[in-house]
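The structure appears right after this line, and notes come after that.
Please treat every number below as a calculation from the coordinates, not as lab data. Because the structure is a prediction, the values reported are computed rather than measured. Methodologically, a virtual Cβ is constructed for each residue, glycine included, from the backbone with ideal geometry; neighbour enumeration extends over all protein chains shown.
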Amino acid sequence: MFSIENLKSTIQQTGLSRGNRYSLELSIPEILTGAASEIDLRNIHIRISTIELPGKQVATSEVKHYGPVTKRPYATIYEDLTFEIMCSSNLIERRFFSEWMDRAYDPHVAKIGYYDQIKSVVKFKSYGEHSENSLYSVTFQDCYPISIGALNFAYANEDILTMQVTMAYKKWGDEENKTLDGVNATQAFDLERKQIIESRGLQLQALAAAAGGYENLNLENFDDSVQNIIQREIANNQVMRTLSANARTLQNNLPNVQNNVNMFRGFRPF
């Protein structure tokens, strides 16, 4: 049954994804040489102001045997990858992608580049609301640019120039992410605390059984070998008491650790 409390609880457990916490990482293809291959891609990564994470579709064909027509899948259709880059004053970003496109197809001599040399790998990463850890990532295989957008120059235009880039690729795939964000880290501490409490409960049960079984015994009723065994068990009992005390101290310190985690969740690096 839907309720506001259930919605709030779900949001607190999983957090919300925001569209301004992302990165797109490119790699230089084999075919680029000279100045184009020496460009620092980190300067391009940080200037990617917007990106449209593409979807995909299942291509189907209509099949009819008996009864109504049904659709059967036969391929996956991927949309192009499109993003915008804030241009530097020397427009190095435009020259980089233009050179890459010319190596894919040289318009001067009408020569097509080798596919294995023009393709590259592009990786998208999305970050948690209160964390710098990547929580979702997508890898685009065999990428290369197929379009760069026009730049609007005008005397009245004082805006920052942005250039749209469209890339084709073979396919994209989600990557498994096991990194915990701030919310999940708090849950991990809660789970650890629960395990410690359960461990303490088992220790206390063992201590109670040991106390009732050994402390009331009269050792004079046993021979030396049996007395040695009982004395070792009593010593182990004392060790268990020490471990239980340590566990109790650790349990009492966990709220302080959890408070520090909650403070970390409120820290925003950007």
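When its C-alpha radius of gyration is set against 2.2 N^0.38 Å (N residues), the range 4-175 gives a value of 1.31. Close amide H partners of residue 168, meaning residues 5 or more places away or on another chain with modelled amide H under 5 Å apart, are 144, 146.
Checking the table 64/170; 8/56; 56/123 against a 20 Å threshold on Cα-Cα, which pairs fail? In this structure, 64/170; 8/56 exceed 20 Å between Cα atoms. Ordered by the number of other Cβ atoms lying within 10 Å of each residue's own Cβ, fewest first, 87, 143 fall into the sequence 87, 143.
Taking 0.36 nm per residue of separation and subtracting the Cα-Cα distance, full extension of the segment from residue 5 to residue 37 would add 6.1 nm.
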